[in-house]
Amino acid sequence: MTPEEVVGQLHSGMTLGIGGWGSRRKPMALVRALLRSEITDLTVISYGGPDVGLLAAAGRIRRLVAPFATLDSIPLEPHFRAARERAAFTLTELDEAMFMWGLHAAANRLPFLPVRAGLGSDVMRVNPELRTVTSPYDDGEELVAVPALRMDAALVHLNRADRLGNAQYLGPDPYFDDLFCEAADAAYVSCEQLVETAELAKSGPPQSLLVSRHSVTGVVETPNGAHFTSCVPDHDRDEAFQKLYATTPWDEFSARFLSGASEHDYQLAVRTWHEEQQ
């Protein structure tokens, strides 16, 4: 598929999961394609990074479910912060472990999973809709009932994929992308390189074959499609460009880098900016 064909399967008002972690291996080409559409009023589920910042700055998020929104080397995502400060969307902020178990619950088609994470913390205070359950066994322990983070669609980015939807990460961490795919009604994988199935087995160990075709709806080849986030070993985070993003007023950044008609226009604008810095 193309990024535009993926976005053509999405619609306003849906619940959208976005894989990756902070400013690492985000499906940014798909997020940028989403920004070129008219889709809005989204509930976004994400270990938040610039995906959240871009969509929040553009006014596309109605509700965000996330444990954080960070650019990693810049601790707090500035466009997320600005949108949150002006109450542009509602926020459900969960502990990282609670978020993970919400993904597990959705992937296993369970309404919730009981966990200890969150007990005794302000997570329960700021999320009064959360409930607790009592163990039916002799211990009688009270646990948090973390609701399933079910999604209409999920977007993830991996290093390699085949045309069938099998996808592989080659960096240090899976970032729960498999859970995002399994927790969604439809899942779209963008990748740095599309390869034959046999090549996946040669590129890394078996555990690197993270995403299986049974949970994938479509595949998009997007070289450098995670930019400006990292996608090691294919490319590191573009720290200089990330700093530009974080310090430039949204209207100015958007006009220069996001006003084109395609991902090619974005990549060209980025290369031009880098050339100007030399």
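Values for this structure:
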item: Sole residue being in a helix (DSSP H, G or I), at pLDDT 95 or above, in contact with a strand residue (DSSP E or B) (Cβ under 9 Å, 6 or more places away or on another chain) and of a type in the set (A, V, I, L, M), chosen from 34, 54, 76; result: 34
item: Residues located in segment 257-278, provided they are part of a helix (DSSP H, G or I) and either surrounded by 16 or more Cβ atoms within 10 Å (Cβ to Cβ) or in contact with a Gly (Cβ under 7 Å, 6 or more places away or on another chain) (or both); result: 257, 263, 266, 267, 269, 270
item: Any hit, segment 80-94, residues being aliphatic (A, V, I, L, M) and at pLDDT below 95; result: no
item: Test: residue 110 is without any contact (Cβ under 8 Å) to a residue 60 or more places away in the chain, part of a loop (DSSP other than H, G, I, E, B) and at negative phi; result: yes
item: Scan of segment 229-247 for residues that are surrounded by 15 or more Cβ atoms within 10 Å (Cβ to Cβ) and not aromatic (Phe, Trp, Tyr), ordered by number; result: 229, 230, 231, 232, 234, 235, 237, 238, 239, 242, 244, 246
item: Residues satisfying the stated conditions in segment 117-140, i.e. assigned to a loop (DSSP other than H, G, I, E, B) and exposed (fewer than 13 other Cβ atoms within 10 Å of the Cβ); result: 120, 121, 122, 128, 129, 135, 136, 137, 138, 139, 140
item: Flag if residue 176 is modelled with pLDDT of 95 or more, over 30 Å from residue 134 (Cβ atoms), within 18 Å of the chain's Cα centre (by Cα) and of a type in the set (Phe, Trp, Tyr); result: no
item: Matching residues, segment 79-107, being part of a helix (DSSP H, G or I) and within 30 Å of residue 135 (Cβ to Cβ); result: 96, 97, 98, 99, 100, 101, 102, 103, 104, 105, 106, 107
item: Residue list for segment 17-31, filter: hydrophobic (A, V, I, L, M, F, W, C), buried (at least 24 other Cβ atoms within 10 Å of the Cβ) and assigned to a strand (DSSP E or B); result: 18
item: Selection from segment 179-219 of residues that are part of a loop (DSSP other than H, G, I, E, B) and either in contact with a strand residue (DSSP E or B) (Cβ under 8 Å, 6 or more places away or on another chain) or modelled with pLDDT of 95 or more (or both); result: 183, 195, 196, 204, 209, 210, 212, 216, 217
item: Search result, residues across segment 187-225 that are within 22 Å of residue 107 (Cα to Cα) and open to solvent by 70 Å² or more (accessible area, probe 1.4 Å); result: 206, 207, 209, 213, 214, 217
item: Residues located in segment 141-186, provided they are on the phi > 0 side of the Ramachandran plot and open to solvent by less than 10 Å² (accessible area, probe 1.4 Å); result: 165
item: Options 187, 226; residue that is in contact (Cβ under 8 Å) with a residue 24 or more places away in the chain and farther than 24 Å from residue 74 by Cα; result: 187
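The values are calculated or read from the model by the stated rules, or taken from the named source; none is laboratory data. Here the structure is a predicted model, which is why all the values come from computation and not from measurement. Every residue, glycine among them, receives a Cβ derived from its backbone with ideal geometry; neighbour counts consider all protein chains shown. These area figures cover heavy atoms from the full protein model, side chains too; ligands, DNA and RNA do not enter into them. Shrake-Rupley method; radii C 1.70, N 1.55, O 1.52, S 1.80 Å.
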